[in-house]
Amino acid sequence: MPAWMRQSRERIVALQRRQARKVKFSRSWRALAKRIAREYRKVAQRTDNWARETARQLVAQAEVMALENLDLASMTRSAKGTIDNPGRNVAAKSGLNRALQDAALGRLATWVCVKAEEAGRRTWLVDPAHTSQQCARCGHTDKNNRQSRDVFVCQRCAHTAHADLNAAANIADRARACETAWRQAGSPPLPRPSPRLRRRRTDTARPRLAPA
Ligand SMILES: [Zn+2]
């Protein structure tokens, strides 16, 4: 979590605590609601800037991008629900962390698709099933392979890796399969991401999908 996001979180939590002590819908309660809403808008704007810049750097380093095909629309919606509805009081720090981080990852995925498209590069959105349980070396899938949040140890071939790196290798493998299939099909034109992706408030359109 970047420092500015943590600072925003602290400010929001502090404002919500102050608000909780006020009489609901009183003048001072409403003034605090306004400040909380402003803080949410600020963090949403910063998140978007961070996501756009990070996506630009990532896309500059790679010809082909691979992402898990997570339900970004609903991720974005849930985070927006939080951001647009500060009255809902996501005071619990961990809940707020989660909402801010989900929103950031959703924005990042969206911008990766957009920036890759602008650069004439491909983004493959791969099936996310079992990416964290499958062994990247031998393909064995077992939930016991994931020993803890960070540690992956294959129960069949003993391949050991950081769980995130193992999952990333699986995602890359699946994207390579998409890339190969696409080349074998004669590199047909791919559907472009809808321009609606660019508009912040209505970006429910899905980015480019990998062919089946
Ligand atoms: Zn294995």
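Values in this text are rule-based calculations from the coordinates and carry no lab data. This one's a predicted model, so the numbers in the text were calculated from it and none came from an experiment. We place every Cβ from the backbone using ideal geometry, glycine too, and count neighbours over all the protein chains shown.
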What net charge do the residues around Arg176 carry, taking every other residue with its C-beta under 13 Å from that of Arg176, with Lys and Arg at +1 and Asp and Glu at -1? 0
Counting Lys and Arg as +1 and Asp and Glu as -1, what is the net charge of the other residues whose Cβ lies under 15 Å from the Cβ of Ala158? +2
For Val151, list long-range residues whose amide hydrogen, built 1.01 Å from N in the peptide plane, is under 5 Å from its own amide hydrogen. Ala163
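Which of the trypsin sites (Lys or Arg not before Pro) found in the range 1-47 are loop residues per DSSP with 10 or fewer other Cβ atoms within 10 Å of their Cβ?
Values: sites: Arg6, Arg9, Arg11, Arg17, Arg18, Arg21, Lys22, Lys24, Arg27, Arg30, Lys34, Arg35, Arg38, Arg41, Lys42, Arg46; in loops: Arg21, Lys22, Lys24.
The qualifying sites are Arg21, Lys24.
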Which residues qualify? For Trp124, with a placed amide H closer than 5 Å and at least 5 residues away or on another chain, they are Met65, Ala66, Leu67
Can I get the semi-axes of the range 127-184's equivalent ellipsoid? Compute them from the C-alpha gyration tensor as square roots of 5 times the eigenvalues, in angstrom, largest first. 22, 10, 9
If you put +1 on each Lys and Arg Cβ and -1 on each Asp and Glu Cβ, how big is the dipole of the range 127-184 around its Cα centre, in Debye rounded to 20? 100 debye
Separation of the His162 and Ala62 label points, Cα + 7 Å toward Cβ, nm: 1.5 nm
